[in-house]
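Please read the structure below before turning to the comments.
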């Protein structure tokens, strides 16, 4: 049965609305006053390279520039890089004016991935099509690090164990609380009574085609009705009040893969077990990506970085402009993002191949540019078959198949802060 589980080993800059900074004559004077100030060795060469590439497109003349930082660089570094690029451009014959007077406008984006700094310049000249130039250079070596004494803990709460494969689960807060469990037959509604989940209702999923062998499904809680259920080629919608009913019909609509706060959908391959890579509405300008098994959102100050566990192995990182791949990580095909309030606020939960007994889930952060393990691995009694973020983003649902009993077990995962 383990053969049906996919656990294989597994780049930041959304384009903002056009906005250009006006460089006045006083700034130009200040620029040359600072020209004699040494630029840090780290930035001198790439600043010169980027300036040369920009000038190769614009030629000498007037230009309006705008700088955007979408990397982990400190503001002091960003200021130094900006000054260095401006000095190099002035040396090459460019004069800085406001956008209305400029022959060309340039947006410079400072970006990065796990291995390189990536600086991108988008050049606009009249009615001509925009030109994009870039430079990339290696960042200081950094290896994947794990804290000896992890500051956070991945906590597991068993929700349901059953013989039929569990595809997803969701908790409805209320008095009493309710639990929804999606399996190959339908949605089972449980009510909390005397400290235990008691079966209350079964809502069957009607479908005319056989399910694929490695069946996947998704439950999404809604505000105007209770929930939606997504299965290969099938969409189901519940009513909003008791007695709850559910209507299912054939559909190729995209599945939600994010949370209420960070929404993104993707088309699912109905005869397989992965997403095709077509994204709705997309990540910035990026509406397609390689086929992938799972996705996780990692909010940044000015944008959201989306990570995709691709079918062909590498972890892809989409920022709205670039699609970069991470180095070799010991991550499985299931990842998701969780808002815990700990550390930076958001962590990535990633599956890892464990010992012969089962897989594990560990929490990671990206404080700079490389993933840092911030928890010890949470052990499971078998291979993990599903990992989905809750609609709220405050937790995740993990499903594993117990290697000893053969039963499927659904857990709610949360992250507790260290003390």
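The values are calculated or read from the model by the stated rules, or taken from the named source; none is laboratory data. As the structure is a prediction and not an experimental result, all values here were calculated from the model. Please note: Cβ atoms are built from the backbone with ideal geometry, for glycine as well, and neighbour counts cover all protein chains shown.
Observations on the structure shown:
- Selected residue [surrounded by 24 or more Cβ atoms within 10 Å (Cβ to Cβ) and in the same structural domain as residue 152 (by TED's automatic domain parsing)] from 391, 353, 344, 400: 400
- No other residue among 206, 127 is outside the structural domain of residue 340 (by TED's automatic domain parsing), over 30 Å from residue 43 (Cβ atoms) and not in a strand (DSSP E or B) apart from 127.
- 2 or more residues buried (at least 23 other Cβ atoms within 10 Å of the Cβ): qualifying strands (runs of 3 or more DSSP E) within the stretch 298-339: 304-310, 315-318, 335-339
- Within the stretch 164-200, being within 15 Å of residue 390 (Cα to Cα) and part of a strand (DSSP E or B) holds for 167, 168, 169, 170, 171, 172, 178, 179, 180, 181, 182.
- Filter pass, residue 242 being at negative phi and not in a loop (DSSP other than H, G, I, E, B): no
- Hey, residue 85 surrounded by 14 or more Cβ atoms within 10 Å (Cβ to Cβ), modelled with pLDDT of 90 or more and farther than 27 Å from residue 325 by Cα or not: yes
One line per residue, one yes/no per condition, for (1) surrounded by 14 or more Cβ atoms within 10 Å (Cβ to Cβ); (2) modelled with pLDDT of 90 or more; (3) within 20 Å of residue 416 (Cα to Cα):
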| site | (1), (2), (3) |
| --- | --- |
| 123 | yes, yes, no |
| 140 | no, no, no |
| 157 | no, yes, yes |
| 162 | no, yes, no |
| 165 | yes, yes, no |
| 168 | yes, yes, no |
| 174 | no, no, no |
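- Qualifying residue in the stretch 275-286 (condition: crowded, with 20+ Cβ neighbours inside 10 Å, outside any strand (DSSP E or B) and either on the phi < 0 side of the Ramachandran plot or modelled with pLDDT under 95 (or both)): no
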